[in-house]
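Let me begin by presenting the structure, written as structure tokens, before commenting on it.
Where a number appears in this text, it was derived from the coordinates with a stated rule and is not lab data. Note that the structure is a prediction, hence the values are computed from the model and not measured. Here Cβ is always computed from backbone atoms with ideal geometry, including for glycine, and neighbour counts include all displayed protein chains.
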Amino acid sequence: DTTMTHTWTDSYPYNSISIYAFHPMYADIKQMGTLKDKEAASRFNQKQQELNNLTTIDYEAVNRAKWEFFHLIFQQEGEKVLASEKFKEFFETNKEWLRPYAVFSYLRDAYRTSDFREWPRHSVYDAQEIEKMCQPETVDYPHIALYYYIQYHLHLQLLAATKYARENGVVLKGDIPIGISRNSVEAWTEPHYFNLNGQAGAPPDDFSVNGQNWGFPTYNWDVMEKDGYRWWIERVRHQLDQVDYVRIDHFRGFDEYYSIPFGDQTAERGHWEKGPGMDLFNTVKEKLGDVDVIAEDLGYLTESVIEMVKESGYPGMKVLQFAFDSREESDYLPHNYERNCVVYTGTHDN
């Protein structure tokens, strides 16, 4: 879920408010139930046709329409669904991330900002306070439970889609962005894992004279190491519950990452810092076994990164479009591929 402002800028997929929750816009509203109010149901059908007939997606209009539907269908069906055994099972399995996500989303809208540091209340996460808010007798509960309801439906719809895909011979691949947003559930609930005074990015090069500043906080790898990289283990485990393979973005960042001082707009004053290297991936293997991971090993790679990818045993990436340059010896030409790789026609970069 990348909902920060409820505007079109939320469509950027790498700036999510949660590493676990799905964006509500992916919900197929027809699978969520039919509104008993015939006039409202007809209005939504008409709106759906109008939006689907546009030549480009109107992100804001789609989300406005869906949110109007979510409120109505929750009023109609929510109590019954939340009382069902299947929902209770889903909630018990996912409550560790679902509860804080739902409260965060509710407070974001109540205080009109995803920057929790600006909230007049609950700017510092207190698990006991949040648990109190989540009790069914509170005034907050219906606003919070709406997010349980939507995430439950998204969970059911993904399960149905993945079952259909696998039955038809389709393998599913997920994606783990290396960074998190500084205005996210994770930064709110577990700030000790992140260096919020740093920003991740890439140094200046021939393509970008000022470098790249992604704005994401860097990781406190020494803190993560102390509890056996629990945060990463859970993240990978959760993804592999839903998909068959998972691509880990910016794999070189686990060897070395480029850290920029907080407040800088460009990447010129950044410096390289050591990441956890194979220590992290050896721990993943100890706790999860041999998981199906694809390493995003594109761009400029040092010898130590190449060695880390090789040692991990994870297949790297080859991008067909990258082969169309003037170099005959390009690693991206199909006849130069090594066996342990996954081939892509292109990426979001091109």
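Along the positive direction of the dipole of the chain (beta-carbon charges: Lys, Arg +1; Asp, Glu -1; about the Cα centre), which of Ile306, Ala145, Phe281 reaches farthest? Working it through, the farthest residue towards the positive pole turns out to be Ala145. Under the simplified labelling scheme, the Gln49-Arg237 pair shows an inter-label distance of 4.9 nm, with each label point 7 Å from Cα along Cα→Cβ. How charged is the neighbourhood of Gln239? Take every other residue with its Cβ under 13 Å from the Cβ of Gln239, and add Lys/Arg as +1 and Asp/Glu as -1. With Lys, Arg at +1 and Asp, Glu at -1, the neighbours total -2. Between Thr93 and Asn168, the C-beta separation translates, for a Förster distance of 25 Å, into a calculated FRET efficiency of about 0.40. For trypsin sites (Lys or Arg not before Pro), the sites in the stretch 107-188 that DSSP calls loop and that have at most 16 other Cβ atoms within 10 Å are Arg112, Arg121.
Among residues other than Ile294 with Cβ under 12 Å from its Cβ, the summed charge is -3 (Lys and Arg +1, Asp and Glu -1).
Send over the per residue convex hull volume for the stretch 1-145, Cα only, as a whole number of Å³. Could you put the intermediate results ahead of the total?
Working: hull volume 18.4 nm³, N = 145.
With only Cα atoms used, the stretch 1-145 gives 127 Å³ per residue.
The charge dipole of the chain, taken about the Cα centre with unit charges on the Cβ atoms of Lys, Arg (+1) and Asp, Glu (-1), comes to about 1200 debye, rounded to the nearest 20. The residue list Phe70, Pro13, Thr55 was ranked by how far each Cα lies along the charge dipole of the stretch 1-90 toward its positive end, using unit charges on Cβ atoms, and Phe70 comes out on top. Amide H to amide H, with H built 1.01 Å from N, Asn195 comes under 5 Å of Thr218, Tyr219, Asn220, counting only residues 5 or more places away or on other chains.
A straight Cα-to-Cα reach below 22 Å connects Lys38 with the lysines Lys30, Lys47, Lys66, Lys80, residues fewer than 8 places away in its own chain not being considered.
The distance separating the Cα centre of the stretch 192-213 from that of the stretch 112-126 comes to 26 Å.
Charges only on Cβ, +1 for Lys and Arg, -1 for Asp and Glu: so what's the dipole of the stretch 264-350 about the Cα centre, in debye to the nearest 20? Could you put the intermediate results ahead of the total?
Details: 8 positive and 18 negative charges, 39 e Å.
I would put it at about 180 debye.
Counting only DSSP beta bridges with both residues in the chain, what percent are antiparallel, rounded to the nearest 5? Here the antiparallel bridges make up roughly 50 percent for the chain.
Determine, for each peptide in 3-14, 339-350, the mean count of other beta carbons within 10 angstrom over its residues, then list the peptides with the highest first. Please list the in-between numbers first.
On the way: 3-14: 14.5, 339-350: 10.9.
By packing density, highest mean first, the sequence is 3-14, 339-350.
Using R0 = 22 Å, the C-beta based FRET efficiency linking Met278 and Glu190 works out to 0.40.
Given the Cα-Cα distance of Gln128 and Ala41 and 0.36 nm per residue of separation, how much length would full extension add, in nm? Walk me through the numbers before you get to the answer.
Working: separation 87, 0.36 × 87 = 31.32 nm, distance 4.03 nm.
Residue separation times 0.36 nm, minus the Cα-Cα distance, leaves 27.3 nm.
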